[in-house]
Amino acid sequence: MDSVKPLGSVNRLNPVDAVDAADPEYAVDSVNQLNSVDAVDSVNQLNSVDAVDAAGSVYAVDSVNQLNSADAIDAAGPAYVADSTHFSHSIIKGEKYSTMLPEGTALVLEGGGVRGFYSAGVFEAFMDAGIMFPYIIGVSAGAANALTYVAGQRGRNRMIVENYVGDHRYVSYRNLLRHKSMFGYDFIFKTIPEEHVFWDREVFDSTDIRFLTGATDCSTGHAIWFEKRDISPGFTVTRASCSVPLLSTIVRYNGFELLDGGAATPIPIEKSIEDGNTFHVIILTRNKGYIKTAFRPKSLLKLFYSKYPGLIETLSNRHETYNRQLSICEQLERENKALIIRPLMPLSVGRTATDTEKLLGLYDEGVLEGNQAVESLGLIFDFQSN
């Protein structure tokens with residue numbers, strides 16, 4: 001589909017086709033990547049915009065489940081208590097790092113949906129080595145998976161991949177129909193940490209670093225940065241950072257209307273430089289040589305986000321932003337001011353993939369290449385890992 005039909009023909013617009021015609025980064029992955037039940041359910045129902053509208057406007061935010069009130073979400077989240085009888089899995093307590101890297105050293109994190117489990121594997125290697133960064137900045141899945149790293153919980157992210165990413169509540173067309181979001185953010189940020197896989201907030205809070213999470217302000221199309229202290233039960237800030245355009249609802253928080261931080265700043269290297277960091281460890285979730293192409297068609301963005309011209313402009317130019325930021329990263333590495341960690345093996349998963357075996361393979365690749373990065377960092381900063 002090369003363009004969106006006029007509004008008068010909106011009932012004939014197939015949402016899956018429409019999203020697939022857009023930027024592949026935000027496109028819905030093929031039905032084959034989802035559970036077969038979800039696929040059949042989705043094919044039978046996702047035939048028109050009316051099908052989605054029957055469940056509510058794609059971009060309306062009208063209940064606690066759709067993140068209308070950050071306060072309601074945050075109030076709903078109980079304090080995390082390490083009570084083994086409360087959780088489905090054994091408690092993984094956080095461990096404090098043994099080596100803090102020097103001031104001016106930043107960890108810069110790209111997003112990428114479930115491709116972010118590559119980054120989670122790299123974090124596992126960092127935790128095994130006992131190293132921590134004084135400054136971490138991330139968007140989308142990069143920021144989300146780093147919550148476990150800052151909390152020092154080795155094996156936690158892998159446990160989530162093994163047991164929950166294949167669950168339709170994590171990512172599915174069913175979620176898109178029922179909750180207006182492909183990713184099940186209540187399941188990811190509420191059910192899992194409160195009922196299944198303990199998150200050690202105590203260690204997270206006590207880790208004395210600067211941790212920035214980026215989201216995109218829909219009214220301007222610019223990035224907004226939230227500090228570590230803004231991460232509260234309910235993870236509203238992180239939800240906002242992960243809310244993929246077209247596949248998620250807008251998140252309202254502290255007077256802002258927010259979407260995926262990767263829209264405005266896919267690789268937040270410029271913010272890291274602006275904040276005075278002089279050496280950057282950059283985790284990417286694309287292979288070397290990847291070049292992002294333009295979002296198409298722009299008329300689709302106008303259909304969904306007519307109230308937000310700044311957001312439309314940002315999404316339309318996202319390929320230019322990504323390629324510019326990637327170029328900066330690679331130039332810094334050539335100048336020995338950065339270390340880039342990215343998948344060496346060709347990627348076989350997309351943003352919304354649910355194949356547990358493939359995702360675990362990506363995670364394990366992250367561990368392997370993270371260990372290699374630890375060796376390089378040890379030579380740069382003269383430390384010995386655990």
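With respect to residue 333, is the statement that it is modelled with pLDDT of 95 or more, of a type in the set (Asp, Glu) and either more than 23 Å from the chain's Cα centre (by Cα) or within 23 Å of residue 185 (Cβ to Cβ) (or both) true?
For residue 333, the condition - modelled with pLDDT of 95 or more, of a type in the set (Asp, Glu) and either more than 23 Å from the chain's Cα centre (by Cα) or within 23 Å of residue 185 (Cβ to Cβ) (or both) - is met.
Quick check: anything in region 167-176 hydroxyl-bearing (Ser, Thr, Tyr), touching a Gly at 6+ places or on another chain (Cβ under 6 Å), part of a loop (DSSP other than H, G, I, E, B) and surrounded by fewer than 24 Cβ atoms within 10 Å (Cβ to Cβ)?
So far as region 167-176 goes, yes, one or more of its residues are hydroxyl-bearing (Ser, Thr, Tyr), touching a Gly at 6+ places or on another chain (Cβ under 6 Å), part of a loop (DSSP other than H, G, I, E, B) and surrounded by fewer than 24 Cβ atoms within 10 Å (Cβ to Cβ).
What pairs can you find where one residue is in region 269-284 and farther than 20 Å from residue 374 by Cα and at pLDDT 95 or above, the other is open to solvent by 50 Å² or more (accessible area, probe 1.4 Å) and not in a loop (DSSP other than H, G, I, E, B), and their Cβ atoms are less than 9 Å apart, with a gap of 6+ or different chains?
270/324; 271/225; 275/210
If a residue has to be without any contact (Cβ under 8 Å) to a residue 40 or more places away in the chain and not hydrophobic (A, V, I, L, M, F, W, C) to count, how many in region 229-246 make the cut?
2
(1) over 21 Å from residue 264 (Cα atoms); (2) without any contact (Cβ under 8 Å) to a residue 12 or more places away in the chain; (3) under 21 Å from the mean Cα position of the chain (by Cα): which one isn't true of residue 324, the others all being true?
(1)
Please work out which residue is farthest from residue 135 (Cα to Cα), limiting yourself to region 272-292 and to residues that are in contact with a strand residue (DSSP E or B) (Cβ under 6 Å, 6 or more places away or on another chain) and open to solvent by 10 Å² or more (accessible area, probe 1.4 Å). It would help to see each step written out before you state the result.
To start, the set of residues in region 272-292 that are in contact with a strand residue (DSSP E or B) (Cβ under 6 Å, 6 or more places away or on another chain) comprises 272, 277, 279-283.
Pick out the ones that are also open to solvent by 10 Å² or more (accessible area, probe 1.4 Å) and you get 277, 279.
Details: 277: 8, 279: 11 Å.
So the residue we want is 279.
Step by step: first the residues of region 220-264, then only those that are part of a loop (DSSP other than H, G, I, E, B), touching a Gly at 6+ places or on another chain (Cβ under 6 Å) and at pLDDT 95 or above, then the one that is most open to solvent (accessible area, probe 1.4 Å). Which residue is that?
So, considering only residues that are part of a loop (DSSP other than H, G, I, E, B), touching a Gly at 6+ places or on another chain (Cβ under 6 Å) and at pLDDT 95 or above, the one most open to solvent (accessible area, probe 1.4 Å) is 220.
Give 293, 249, 265 a once-over and let me know the one that is over 17 Å from residue 150 (Cβ atoms), touching a residue at least 24 places away in the same chain (Cβ under 8 Å) and under 14 Å from the mean Cα position of the chain (by Cα).
Sole residue among the options that is over 17 Å from residue 150 (Cβ atoms), touching a residue at least 24 places away in the same chain (Cβ under 8 Å) and under 14 Å from the mean Cα position of the chain (by Cα): 265.
Filter region 134-156 down to residues that are farther than 18 Å from residue 215 by Cβ, open to solvent by less than 10 Å² (accessible area, probe 1.4 Å) and not aliphatic (A, V, I, L, M), then give me how many there are.
Counting residues in region 134-156 that are farther than 18 Å from residue 215 by Cβ, open to solvent by less than 10 Å² (accessible area, probe 1.4 Å) and not aliphatic (A, V, I, L, M) gives 4.
In contact with a Ser or Thr (Cβ under 8 Å, 6 or more places away or on another chain), farther than 24 Å from residue 235 by Cβ and open to solvent by 50 Å² or more (accessible area, probe 1.4 Å): does that describe residue 298?
Yes.
Quick one: which of 288, 298 is without any contact (Cβ under 8 Å) to a residue 24 or more places away in the chain and farther than 30 Å from residue 230 by Cβ?
298
The values are calculated or read from the model by the stated rules, or taken from the named source; none is laboratory data. Here the structure is a predicted model, which is why all the values come from computation and not from measurement. Quick reminder, even Gly has a Cβ in these numbers, built from the backbone with ideal geometry, and neighbours come from all protein chains shown. All accessible areas refer to the heavy atoms of the entire protein, side chains included, with ligands and DNA or RNA removed. Shrake-Rupley method; radii C 1.70, N 1.55, O 1.52, S 1.80 Å.
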